[in-house]
1. Let me know the charge dipole size of the range 420-467 about its Cα centre in debye, to the nearest 20, where only the beta-carbon of Lys, Arg (+1) and Asp, Glu (-1) is charged.
2. Please list 149-156, 134-141 highest first by mean number of surrounding beta-carbon atoms within 10 Å per residue.
3. For a test of the definition: using alpha carbon positions, the gyration tensor, and the 1.5 limit on a/c, classify the range 260-349 as rounded, prolate or oblate.
4. Please compute the modelled spin-label separation between ARG299 and ILE154, points set 7 Å along Cα→Cβ, answer in nm with one decimal.
5. Using the Karplus curve 6.51 cos²θ - 1.76 cosθ + 1.60 with θ = phi - 60°, work out ³J(HN,Hα) for each residue of the range 134-142 in order, rounded to whole Hz, and write x for Gly and Pro.
6. Hey, what do the phi angles of the range 451-467 turn into as Karplus ³J(HN,Hα) couplings, whole Hz, using 6.51/-1.76/1.60 and θ = phi - 60°, x for Gly and Pro?
7. Where a ≥ b ≥ c are the square roots of the eigenvalues of the C-alpha gyration tensor, would you call the range 356-430 rounded, which needs a/c under 1.5, or, failing that, prolate if a/b is larger than b/c, or oblate?
8. With +1 assigned to the C-beta of every Lys and Arg and -1 to the C-beta of every Asp and Glu, and no other charges, what is the dipole magnitude of the range 342-430 about the Cα centre in debye, to the nearest 20?
Amino acid sequence: MNVHPRFCSLQDTDALLVKGNLFSIHLCISIFRLSRLPTPFLRNSLKSVFWVLSFIVFRGTMGEVSCDPFEDGNRASSSSKEGKGKRLWKKVKYQLVEYHSLPGYLKDNEYILGHYRSEWPLTQVFLSMFTIHNETLNVWTHLVGFFIFLALTIYTAMKVPKVVDLQSLQHLQEFLKRTDIHKIQSELLMCLPSMPNMSDLQRLRTELRTALPSMDGMLPSLSGWHLLDLLANCLPEKFSQSNHTDVCVLRSMKDDVANIIAPLMVRPITRWPFFAFLGGAMFCLLASSTCHLLSCHSRRVAYIMLRLDYAGIAALICTSFYPPVYYSFMCNPFFCNLYLGFITILGICTIVVSLLPVFQNPEFRTIRASLFFGMGLSGVAPILHKLFLFWNQPAALHTTGYEFVMGALYGLGALVYATRIPERWMPGKFDIAGHSHQLFHILVVAGAYTHYRAGLLYLKWRDLEGC
């Protein structure tokens, strides 16, 4: 059996020197003793035997430590190769792979051929959001959309007036009784000496005086006071052409006065349907971005993330119905509750169906898109109903135009998602940028923003006109 010598280390060299010195001393002592033997023949014979045994012992001692440069070089080379192999394997392990190398649960779009992450550890997965692969834009398109809607939510909460509590109006009667209409008129004339007449302001004073004795029943009938019309008529358009200085003042004065008076005289409507939509949009965008980032970790994580993604889509579609339905039929509680209840139940059913494992398979892609598309298509009924009731209201027509654009964007996104255009035309050419899922994400963000604009019109409409 071949015994492979060890590497020659510093400790081994020291041991070799110590043994060599001890052997030299022992050899000198032995030769001195042999030289004292009386017979030359016996003395020479024993010296020869001693030299042979000493050589054998010395070779055995030296054999324990090997400093052969060839063997040491081979072993050092072998160790270096092992270290490089481990580093190379670690590097290759986190390399992007092609579609055919993926496990079954990660195979979704056979037209995207490469740049996949497969079963990476969570640390590498989180860091991959700053690297280039076929999910990079899927992550960032909806992550940026989430921050956009977060900023819109904060902006809307700060700018849109809160619901006025009826308790805050309990001293309104005393305030109006102490109001000096003549003083207001004189101050306005002093500030704007070219103002023509104040007949409309006198009408406002008359209506106030008429309504004050019945202040207890004032709040339900405030919308009949025509306060905004009266304030607007105080500043006719022809007056704004008098000089350049007055133009700047008068153009903003109407809106400023209306914004100050309207919250006092008319109760603003509730905002919860609008903020429910914003919450649903943010949940959908954040869930989608998280799903695309983490699904490559493991089968279990992919299953959970996909369920979360489907729930986010259903939440966005469901909450998108709340502003148009509530504000269109707020004066018809039966239809309002009917439409809201229907879409809520449909959204819950969609989420439950999406939890089924079979719903994840690629062959159900068209069914998934059709289910969500049908859920959105169910909004046609309340929109047509709104147009039938308010066909002569400009606000109703404007909001319907926004909703038509929103539906077109969502529908186009679902169509692109289901047909996998354009990567099906040129497989492998759109792996990094431009494939169908990225286009779908962009269209979803655009559609949600369009719906946000429509929601602002609903709030303005109902704040000014009420039921």
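What follows is calculated from the coordinates using simple rules that are stated; it is not laboratory data. It should be emphasised that the depicted structure is a prediction, and the values quoted were computed from it without experimental measurement. When we count neighbours, we look across all protein chains shown, and the Cβ atoms used for this are built from the backbone with ideal geometry, even at glycine.
1. Values: 6 positive and 4 negative charges, 21 e Å.
It comes to approximately 100 debye.
2. Working: 149-156: 15.4, 134-141: 20.5.
Descending mean neighbour count gives 134-141, 149-156.
3. On the way: a/c = 5.92, a/b = 2.12, b/c = 2.79.
Oblate.
4. So the label points at ILE154 and ARG299 sit 4.3 nm apart.
5. 6, 10, 4, 6, 4, 5, 7, 4, 8
6. 5, 4, 5, 5, x, 5, 5, 4, 5, 5, 4, 6, 5, 7, 10, x, 7
7. Working: a/c = 5.51, a/b = 2.05, b/c = 2.68.
Verdict is oblate for the range 356-430.
8. On the way: 6 positive and 3 negative charges, 40 e Å.
For this selection, approximately 200 debye.
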